[in-house]
Amino acid sequence: MVDPRSTLAACGVFRYSVPVLIAETFTSLQGEGTLLGVPSFFIRTSGCNLRCSWCDTPYTSWTPEGRRRSVAELVDEAGRAGIRHIVITGGEPLLQREIGALTRALKAEGFHITVETAGTVAPDFICDLLSLSPKTANSDPEGRWRSRHQRIRGDFGPLKNLLKRFSEVQLKFVVRDGGDLPEILDLLALLPRVEPESVVLMPEGRTAQEVVARAGAVWRLCLEHGFRYTPRLHVDLFGGRRGV
Ligand code: SF4
């Protein structure tokens with residue numbers, strides 16, 4: 001298993017004294033996946049070991065920013081939000097040293113926890129829904145990050161580990177067109193069995209126009225393969241605005 005601390009340190013955003021590095025917290029509706037539309041309190045960590053070309057939160061990856069917040073402070077804020085569903089997202093939340101402590105503390109307070117991750121590391125933590133979003137070749141950036149990004153996203157060991165440990169899982173793929181399908185099918189063939197309705201396809205796009213332009217092709221792939229389609233509610237409503 002990759003030590004998440006060493007991975008985050010390699011990305012230049014780890015500080016040993018940081019309890020959890022947080023880019024933002026906010027209340028919104030879940031905009032993607034099987035819990036689409038559910039009111040949720042979002043905890044967005046900062047720092048990522050990938051550099052997707054189309055990353056919609058570059059302030060957690062390409063130019064990571066945030067501030068150090070304790071687990072107790074985050075649990076307290078979640079409680080004051082008065083919402084049962086918590087979404088821990090990023091960035092890559094599984095790189096945070098205190099992810100286990102944070103998820104256990106939230107669970108002890110009775111929250112439903114979704115963890116959204118690319119599945120490139122597999123530390124100890126708990127959640128009610130694991131939202132895995134493996135990255136395919138359509139995410140590869142140009143430039144100096146390209147080979148590191150490809151190496152990390154292409155190591156499926158952590159992904160297999162996570163799939164064995166969690167039963168409530170969705171596997172979410174960002175799709176440009178039908179050309180992405182062979183890579184997705186190849187990956188699914190490598191993994192422990194995932195039911196087709198737990199495979200979620202989402203059109204790539206950072207604007208509503210881009211999402212609409214790709215929606216038809218993604219819709220067809222879902223129908224042909226029994227996968228689930230998810231819109232991108234926050235992109236439709238708010239484009240690239242933060243904190244919504
Ligand atoms: S894994 Fe997520 S946060 Fe990291 S670069 Fe890709 S889209 Fe951005």
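The values are calculated or read from the model by the stated rules, or taken from the named source; none is laboratory data. Quick caveat, the model's predicted, so the values are computed rather than measured. Positions of Cβ are backbone-derived with ideal geometry, glycine not excepted, and every protein chain shown enters the neighbour counts. All accessible areas refer to the heavy atoms of the entire protein, side chains included, with ligands and DNA or RNA removed. Shrake-Rupley method; radii C 1.70, N 1.55, O 1.52, S 1.80 Å.
Can you tell me how many residues within the stretch 107-119 are open to solvent by less than 10 Å² (accessible area, probe 1.4 Å) and in contact with a Lys or Arg (Cβ under 7 Å, 6 or more places away or on another chain)?
Counting residues in the stretch 107-119 that are open to solvent by less than 10 Å² (accessible area, probe 1.4 Å) and in contact with a Lys or Arg (Cβ under 7 Å, 6 or more places away or on another chain) gives 1.
Results for (1) modelled with pLDDT under 95; (2) open to solvent by 50 Å² or more (accessible area, probe 1.4 Å); (3) not β-branched (Val, Ile, Thr), shown as yes or no for each residue.
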site	(1), (2), (3)
Leu181	no, no, yes
Ile184	no, no, no
Leu187	no, no, yes
Glu195	yes, yes, yes
Ser198	no, no, yes
Return yes or no: is Ile86 in contact with a Leu (Cβ under 7 Å, 6 or more places away or on another chain) and β-branched (Val, Ile, Thr)? yes
Assess whether Phe125 counts as being more than 19 Å from His225 (Cβ to Cβ) and open to solvent by less than 40 Å² (accessible area, probe 1.4 Å). yes
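Taking the stretch 53-74 only, how many residues are in contact with a strand residue (DSSP E or B) (Cβ under 8 Å, 6 or more places away or on another chain), in a loop (DSSP other than H, G, I, E, B) and crowded, with 19+ Cβ neighbours inside 10 Å?
Here the count works out to 3.
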For the stretch 159-169, state whether one or more residues are of a type in the set (Phe, Trp, Tyr) and more than 15 Å from the ligand (Cβ to nearest atom). yes
Any chance you could count how many residues in the stretch 138-174 are open to solvent by 50 Å² or more (accessible area, probe 1.4 Å) and hydrophobic (A, V, I, L, M, F, W, C)? 1
Can you go through Cys52, Cys11 and tell me which one is of a type outside the set (Gly, Ala, Ser) and modelled with pLDDT of 95 or more? Cys52
Say we look at the stretch 34-49 and pick out the residues that are of a type outside the set (S, T, N, Q) and surrounded by 22 or more Cβ atoms within 10 Å (Cβ to Cβ); which of these is farthest from the ligand (Cβ to nearest atom)? Phe41
